[in-house]
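Here the structure comes first, spelled out in structure tokens, and everything after it is commentary.
Values in this text are rule-based calculations from the coordinates and carry no lab data. Just so you know, these numbers come straight off a predicted model, no measurement behind them.
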Amino acid sequence: MQDLLQRVPAVWPADAVATRSSNVVSSGFAALDAVLPGGGWPVGDVIELLTPQFGVVDWSVLSPAAKAFSTDHAPRVVMIGPPNEPYLPGLRRMDLPVDRVHWVVANKPAERAWVAEQLVKCSSAMLLMVWMSHARADQIRRLQVCAQSSSSLIFVFRPELAARESSASPLRLVLRPKAVNQIEVSIHKRRGAPVPEPLVLQSVSGGIDHLVARIKPAVPVEPMHATEVTSDVVGRMASNEAHFELVSE
């Protein structure tokens, strides 16, 4: 049995956490890494983050991994339908490559799912974040299938009520604000044994809090709308030939 477990990473004992043969990126929180299969956020999988309200704890949890992944692996950061306009000073404090930030405005859930799928199909490493107030099971399944052949770190933000629905995503977490600078994290689904108790993480403070502030896009550069995302534009985004500059007021 031990030989089988070593040769086939996709198989694991029911009372243990699965290991991964692909890459992972540390979440930046030791307690969270300890319960994530492979010890971090999985690259090439859809990671669902379920929250009671978008824009409250999103960046507090992702900022350490976003900085590490975008610096070392993927100079592209793509945000699809963020709840607030991206804020340049906050992104700079995270050491993100702000000249390679892509912001796609898509109001309809179907548009957001379609844009995310097209970008992942590029098979180019990127940090992809998409906010979806509604998502069908087949949309998540299609995105997961595409993700498995990519080198991207993919996060899908969904409402907490989506925890009642089935999902093809292999990793689902519920994030709730708990106290000042604290976030409660419950592992709703993972490859491995259940995690009975939620974790309490110290959230990132300071400049990250300003990410929710509103800014004015640089003129004449404007955020891209979903209807403008064609195969040519997707290719340019994947090859680093297109970007959107953001400036503060």
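Applying the Karplus parametrisation 6.51 cos²θ - 1.76 cosθ + 1.60 with θ = phi - 60° to the phi angles of segment 191-201, what ³J(HN,Hα) value in whole Hz is obtained for each residue in order, glycine and proline being reported as x?
7, x, 5, x, 9, x, 10, x, 9, 10, 10
Each residue of segment 23-35 in order: what ³J(HN,Hα) in whole Hz does its phi give by Karplus 6.51 cos²θ - 1.76 cosθ + 1.60, θ = phi - 60°, with x for Gly and Pro?
Each residue's phi maps through the Karplus curve to give 6, 10, 10, 4, 6, x, 10, 4, 5, 6, 4, 5, 10 Hz.
Through the Karplus equation 6.51 cos²θ - 1.76 cosθ + 1.60, θ set to phi - 60°, convert the phi angles of segment 39-45 into ³J(HN,Hα) values in whole Hz; use x for Gly and Pro.
x, x, 5, x, 7, x, 9
Using modelled backbone amide H atoms (1.01 Å from N, in-plane), which distant-in-sequence or interchain residues come within less than 5 Å of ALA125's amide H?
Amide H to amide H, under 5 Å and 5 or more residues apart or across chains, ALA125 pairs with SER151.
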